[in-house]
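Scroll down for the structure; my scribbles are underneath it.
The values are calculated or read from the model by the stated rules, or taken from the named source; none is laboratory data. All values derive from a computational prediction rather than experimental measurement. So basically every Cβ, Gly included, is an ideal-geometry build from the backbone, and we count neighbours across all protein chains shown. Areas reflect the complete protein model, heavy atoms only, side chains present, ligands, DNA and RNA absent. Shrake-Rupley method; radii C 1.70, N 1.55, O 1.52, S 1.80 Å.
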Amino acid sequence: MSDLIEAVDHDDNRKRHADKAVAEYLRIQPFYGDLADVVSRIIRESIASREIKIHSVQSRAKSAESFSTKAATPSDQNPEEPKYRNPLQEITDLAGVRVITHFLSTLVDIDAMLVDEFEIVEKSNKGTLLIQSDRFGYQSIHYLVRLRAARAALPEYHRYAGHIVEVQVRTILQHAWAEIEHDIQYKSSTTIPTEIRRRFVALAGMLEIGDREFQAIDDANRSLESAAITKVEAGTLSGVEITPQALKLFLNKKLGPDGRMSDWSYDWTVRLLKRLGFRDLSEVEKAIEPYDDHKLSMVVAGSRQGQVNRFEIMLEAALGEQWVARHPWQDEYWTDRHRTHISKLENAGVKIGTYKVEHPPGTAR
């Protein structure tokens, strides 16, 4: 009974210790919110200037509830004492920023950016630390940073000089694990029921494989895009898959660049080409080869149309009736419009239907 009373006393002592620290923290919490916002803005601007693609950047000042819980944590050496005797000085995540990336490789880019922009006080891989301490968790790289002296000397940053911010960097899958694991609250693998432990291990493995596969897909996509660029620039179009980027490169070279075209325009046109039955860019080139895009545009519209519109007029002339039979827009208005275009082109002496798509509609690779 005396042991129980003593344990309660220790808990009460730590609670009073935490309550006192929270009262002090609440007075300065807005400062740490501002500090987190400042570091977040620097990170966002630095990421943008380096053209690094990420999912998101989040920032926050530590909540009073979370601060209280941490301030009341018992010491590892002596559970009767609080782990943090001076919580405001010893707890280093009062201001926090989280950078969430799509791919593992981006973690390296973020690391280089942080090293360039901040003074790195500490860097740790939480996944490795959790494994070493016999706890479950998924990888997340944590940095303790502060503003470099040159930036801190500027008037707008002077008040933040010397203050620490925790920056967490993780992939989307790592973030998903962290958010869910946060609610599970197991502190040691020895306390986890066998069935739950088995699921933890399996899930951690699947997430790691998922991250690696996403990275492999991104690497493969970049490799295919690079190969397509090389082939299009060299004019070797056989086997070049019709993708929005490849089509844009092809049309820029064939019809001239047009900065007015949106990504959506190329995406829509790729879907149209595949619906029509085209399988690679060499077939597209053969179809439009006999035609002058500017001349056709002037005949049909009376003016030089945008790049994609000129391209579609060339396809319309090349395919003739196949254009109508395979196009997804086949209502009365659209069909009448096509007939008008064809009539104008024929009256201008343009030969219609010079190319026949051999593949069934919608069978493009």
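Which one of 351, 286 is farther than 26 Å from residue 231 by Cβ, of a type in the set (Lys, Arg) and open to solvent by 40 Å² or more (accessible area, probe 1.4 Å)? Criteria check complete, one pass: 351.
Here residue 238 meets each of (1) of a type in the set (S, T, N, Q); (2) touching a residue at least 24 places away in the same chain (Cβ under 8 Å); (3) not in a loop (DSSP other than H, G, I, E, B) with one exception, condition (3). Number of residues in the range 34-48 that are more than 21 Å from residue 101 (Cβ to Cβ) and either touching a Pro at 6+ places or on another chain (Cβ under 7 Å) or open to solvent by 20 Å² or more (accessible area, probe 1.4 Å) (or both) equals 1. Which members of the range 70-110 meet the condition of being without any contact (Cβ under 8 Å) to a residue 12 or more places away in the chain and not in a loop (DSSP other than H, G, I, E, B)? Across the range 70-110, the qualifying residues are 89, 90, 108. Looking only at residues of the range 300-311 that are touching a residue at least 12 places away in the same chain (Cβ under 8 Å) and surrounded by 19 or more Cβ atoms within 10 Å (Cβ to Cβ), we find that the one that is farthest from residue 258 (Cα to Cα) is 300.
Given the condition among the small types (Gly, Ala, Ser) and under 19 Å from residue 165 (Cβ atoms), answer yes or no: does some residue in the range 73-84 qualify? No, every residue in the range 73-84 fails to be among the small types (Gly, Ala, Ser) and under 19 Å from residue 165 (Cβ atoms). Considering the range 122-174 alone, what residues qualify as being modelled with pLDDT of 90 or more, open to solvent by 70 Å² or more (accessible area, probe 1.4 Å) and within 29 Å of the chain's Cα centre (by Cα)? If the condition is that a residue be modelled with pLDDT of 90 or more, open to solvent by 70 Å² or more (accessible area, probe 1.4 Å) and within 29 Å of the chain's Cα centre (by Cα), then 122, 123, 146, 148 are the ones that fit.
Rundown of residues vs (1) free of Cβ contacts under 8 Å to residues at least 40 places away in the same chain; (2) open to solvent by less than 50 Å² (accessible area, probe 1.4 Å), yes/no style:
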site	(1), (2)
314	yes, yes
327	no, yes
332	yes, no
358	no, no
